[in-house]
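Shown next, in structure tokens, is the structure this report addresses.
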Amino acid sequence: MTADRIADVWGTRTPMGPGAPWPQRVDQHLVDGLTDQDVDRWVQSACVLCSNGCGLDIAVRDDRMVGVRGRADDRVSHGRLGPKGLFGWQGQSRDRLLRPMVRRHGKLEETTWEDAMGVVVSRSRELLESRGPLSHAFYTSGQLMIEEYYTLAVIGKAGLGTPHMDGNTRLCTATAAAALKETFGTDGQPGSYTDLDHADAVFHYGHNVAETQTVLWARMLDRLEGSDPPRHVCVDPRRTAVAQRSDVHLAVRPGTNLALMNGLLREVIHRGWVDEEYVAAHTRGFDELVATVEPYTPSHVADICRVSARDLEAAAEIFGTSERIVSTVLQGFYQSHQATAASCQVNNLHLLRGMLGRPGAGILQMNGQPTAQNNRETGVDGDLSGFRNWENESHVRELAELWDVDPMKIPHWAPPTHAMQIMRYVEQGSIGLLWVAGTNPAVSLPDLERVRRILSSDSVLVVVNESFPNETTELADVVLPAALWGEKTGTFTNVDRTVHLSEQAVRPPGEARSDLDIWVDYARRMDLRDRSGRPIPRWETPEDAFDGWRDCSRGRPCDYSGMSYELLRGSPGIQWPCTEDAPTGTERIYTDHVFNTQDDYCETYGHDLLTGASTTPEQHRAARFDGRARLKAAEWTPAPDAPDEDYPLRLGTGRTVYHFHTRTKTGRAPELDAAAPEAWVEISPEDAEPLGVAEGDIVRVESRRGAIEVPARIAGVRPGAVFVPFHYGDVDKGDRPSRAANELTMSVWDPVSKQPAFKGGAVRVTRVRAGDGPAPAPPTTPSPEGA
Ligand code: SF4
């Protein structure tokens, strides 16, 4: 039976009351009219098209993937799959890169692995000898496996010694990590998806869960349709499906999230909803928080955020009076001005009410990509592996002993280099080898005109592990064909710390190899060795790499030491920490309300949220957090790139339900491509009318950095704001004007998380001509109030 998740995105309701188990509902899709009888075998895996990580089995016939089926006992999905999970994998069989390519005389030419790796290794050796490890940078993804990330982390940190490592997770989850670290001392989600089954209130902060994690929204819808449903509160400038089902919708003006959060905190404090005993026992910083939020009265916040004071008070009352609250946060906060500061205030609200560590009381600082969590855990985002603290000598020594290298080899003399800074160093010429894997920066980074110039520079060898031709391979010097999900074995972790094993189902096409194989090959050719003369890394297979990671994670918050491939096989997913003492995993952390802020355990000593200035180890010791959460406060400041007469509107960019990132996979899946084939811009009726813009008209959206031309959708976005989906690139652009949202965005980032502020830049919209009909926006696009 094929589920129609294109027209019916969230599927049939299976209502449940509070605390009841979420009923199973198995979704399945087989191609070409095949039935179960035609399937040779089902191979265990999980979906890698968003951070939900729904467990599924891959159907294989004649060494070909022919379908997927949700795993009924999976703890994340209970058998459900959304549109991307059901159909997205089909894109994997089209337009694949089959052989390595090297650019010669300005043109990419197919070649052998021997030749391509020879070019990489020769440049790498030459740069290491002439300039040292700071000449090397790696920019990876949120879509690889733990085994691949950890292998690269060891090569980069112990083999080469470069601090220039980051992932495109910088664009999507860097603020989740930063907010958790600032408040609780280390990364790691306090909550569990099962908290949603118990909650009596759910708050969505800049998180359009209905489109970004459809199966999670199905879980929430089932609570909304069941007995005693929870109340929902939505903070979003758009009238999304989440907003439409919410009791309170705060359609906040872009760039004012922190003012709104300070207002909510002030209300909770003033109206006596603070659990004073909890705050005294388990937190530090309450007095400063009270002083910081005091000016944010409801009327002042209403003025800044352009929301009604009454709605703000109503939202605060729901937070202040509910017994079990789950908060989810995503890009509306993370990709905005003052991202970490605003996200920390979500943590603060929970701490003020002691709303953690018990069923129904949880925080999900969400991830965008499926394996973003693992990029952070293993340290390929530049942090030290296992949530260790680069400023803590004993943490560096632990890793040096584990990897058997001199501690000085491990870069820890300065903060790791974030993605935007890596691009700057390439631009300045100090990085001579940039290795990109599983990501498409020529569409996804802000200010694309500049990014294209950087990637085309003669001073850098750009090596790309990729599976499809795309905007970035067009600019690369060496392209290495990479195996995808289902073509390799590995593990990954979703947003509520659930680890799944994904087994190889079919062989990679042509000469494609897994990223693990590619990096091990590079390390062997470079003859990277530890102090005892053993090769770095010491493994070659995924399972051995996983065992290496288990050792590295031991004793840290993300402890996988009790996990194994054997345990994961056939399991519904296991949540870390999983240790000898907790062999089946841990549903929620911080149940003892002791947080990871001890001086010798924390991952960071913290930062000033306004400026990003680091707290020193001495200052941290003096503050005596000792396991108490840090209540960090900051005042709101106006966002950069303020609208003016020339550019009067604020831009937001984001996802649509049918696509993932730059559409390299989902754009090749026929059902998904047909459902959302083209870009568009959403504009409110109030802004469209004076511009003479009607539904479907082709408009020019222009910022101080670039312009795009796309059809207009008259939509439920707040006046003064416009929205453009970020998925669409220009690889096949020809003569037509660009449609890539990042032509418009700013090279501005949050001072703590270093996450670019994709949302909030000033733009103008002008009508170009009439269109051929309505804009190609999917039906999930927000419709105006009352429409
Ligand atoms: S919700 Fe996410 S993980 Fe689940 S099927 Fe959809 S895209 Fe895949």
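Extending 7 Å from the Cα toward the beta-carbon at both D247 and S308 defines two label points whose distance is 1.6 nm. The label point for R767 and the one for A414, both projected 7 Å from the Cα toward the Cβ, are 5.3 nm apart.
Once a ≥ b ≥ c are taken as the square roots of the eigenvalues of the Cα gyration tensor of the range 576-676, is the result rounded (a/c under 1.5), prolate (a/b larger than b/c) or oblate (a/b not larger than b/c)? Taking the square roots of the gyration eigenvalues as a ≥ b ≥ c, the range 576-676 is oblate.
Farthest towards the positive end of the charge dipole of the chain, among the residues I422, A712, L567, is the Cα of A712, using unit charges on the Cβ of Lys, Arg, Asp and Glu.
Charging the Cβ of each Asp and Glu at -1 and of each Lys and Arg at +1, and nothing else, the dipole of the chain about its Cα centre rounds to 620 debye. Each part gets one Cα centre, and for the range 116-163 versus the range 585-620 those centres are 29 Å apart.
What are the trypsin sites (Lys or Arg not before Pro) within the range 84-150 that DSSP puts in a loop, where the Cβ has at most 15 other Cβ atoms within 10 Å? Passing both the DSSP loop test and the Cβ count: R94. Over the range 189-366, the fraction of Cα-Cα pairs per 5 Å bin, rounded to whole percents and listed from the shortest bin up, is 1, 9, 19, 23, 23, 15, 7, 2, 0. Under 18 Å from a label point set 7 Å out along the Cα-to-Cβ vector of E276, no amide N atom of the range 591-617 is found. Calculated over the range 689-787, the projected area of the Cα convex hull averaged across directions stands at 7.9 nm².
Only protein atoms count toward the accessible area here, which uses a 1.4 Å probe; on the chain, the carbon and sulfur part of that area reaches 48 percent.
Could you work out the Rg to Rh ratio of the range 545-592, with Rh taken as the Kirkwood radius (inverse of the mean 1/r over all Cα pairs)? Write out the running numbers ahead of the final one.
Values: Rg = 10.4 Å, Rh = 10.8 Å.
A ratio of 0.96.
Considering only the chain, what is the antiparallel percent among its DSSP beta bridges, to the nearest 5? Taking every DSSP beta bridge within the chain, about 50 percent pair in antiparallel fashion. Using only side-chain charges placed at the Cβ, +1 for Lys and Arg and -1 for Asp and Glu, the dipole size of the range 189-366 relative to its Cα centre rounds to 440 debye. Once you order the gyration tensor axes a ≥ b ≥ c over the Cα atoms, which shape class does the range 508-663 get: rounded for a/c under 1.5, otherwise prolate or oblate by comparing a/b with b/c? Oblate.
Computed from phi, the 3J(HN,Hα) profile of the range 663-669 under the Karplus parametrisation 6.51, -1.76, 1.60 (θ = phi - 60°) reads 6, 4, 9, 5, x, 9, 8 Hz, with x in place of Gly and Pro.
Among 340-346, 682-688, 642-648, the peptide with the highest mean count of other Cβ atoms within 10 Å heads the list, and the full ranking is 340-346, 682-688, 642-648.
Residue separation of S457 and D646 scaled by 0.36 nm, minus their Cα-Cα distance, works out to 64.7 nm of gained length. Computed across the chain, the Kirkwood hydrodynamic radius from all distinct Cα-Cα pairs reaches 26.3 Å.
Summing Lys and Arg as +1 and Asp and Glu as -1 over all other residues whose Cβ lies under 15 Å from the Cβ of G206 gives a net charge of +4. Between T611 and R531, the contour length at 0.36 nm per residue exceeds the alpha carbon distance by 24.8 nm.
The values are calculated or read from the model by the stated rules, or taken from the named source; none is laboratory data. Predicted, not measured: the structure shown is a model, and the values here were computed from it. FYI the Cβ positions are ideal-geometry reconstructions off the backbone, even for glycines, and counts take in every protein chain you see. We work out accessible area using only protein heavy atoms, side chains counted, and drop any ligands, DNA or RNA first. Shrake-Rupley method; radii C 1.70, N 1.55, O 1.52, S 1.80 Å.
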